[in-house]
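No value in this document is a laboratory result; all are computed from the given coordinates. Owing to the predicted nature of the structure, the values given are computational and were not obtained by experimental measurement. Here the Cβ positions follow ideal geometry from the backbone for every residue, glycine too, while neighbour counts run over all protein chains shown.
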Amino acid sequence: MGKFINDPAIYDELRGAIQSVNLLLGKAGALKTYVDLSAWQIPAYDGGAKARLHIIIAPNPGRYYLLGVSSDPRGRERRTITTISVNNGPQLVETRNVNEERRVLFTGMFGKYFGPLDVRVGILEDNGTLAVGYWADQARRYGAHIEVFSPGRAAPLSYRAYARAQVWSGLYVTGGIDNNHKYFDPNDGKDKLPY
């Protein structure tokens, strides 16, 4: 027992183990998570309430991961192309567009801060997205953002531009434009908002 207490090598090993645990706990303490539960009205659609749950995981102050789910009254348009050939005869190609209304959409993005600039890339609500934001203050309470996303190969690029102001800890106000452009549908001769 006396050798155990008086041996400096055991003391050094114990001290090193304690320092390693402190370093590990310090890194875990630097990890921050934020939960964003939000909803907004889309007047162009009947019953057009949109809701989302996003979780932001920031392992350090310079970068973050955004994970989430959302529901959108516009749903998601899917296109299927079927080619049929009978007995080596001429091929018949059928294209079908189906709107899957009110389905759950998924988000997974990587974000990085470059000073006041906030750059994100990944999947936002089932669409490939590049997003850029500008924060007016260091605490990131007031900012303007634009998200450019692709709903599919045949659809034009869409965008969402908005400003955000945190009015109280955990409470913020957002206002902006979501998919502002319309396109002409030759099948019924009307302008429509894209999905």
Discussion item. I need the chymotrypsin sites (Phe, Trp or Tyr not before Pro) found in the range 100-163, filtered to DSSP loop residues with at most 12 other beta carbons within 10 Å of theirs.
Written reply: none
Worksheet item: Got a sec to turn the phi values of the range 58-65 into Karplus ³J(HN,Hα) couplings, 6.51 cos²θ - 1.76 cosθ + 1.60 with θ = phi - 60°, whole Hz, x for Gly and Pro?
Response: 10, x, 8, x, x, 8, 7, 10
Discussion item. Residue by residue through the range 88-93, what is 3J(HN,Hα) from phi via Karplus (6.51 cos²θ - 1.76 cosθ + 1.60, θ = phi - 60°)? Round to whole Hz and write x for glycine and proline.
Written reply: 6, x, x, 7, 10, 10
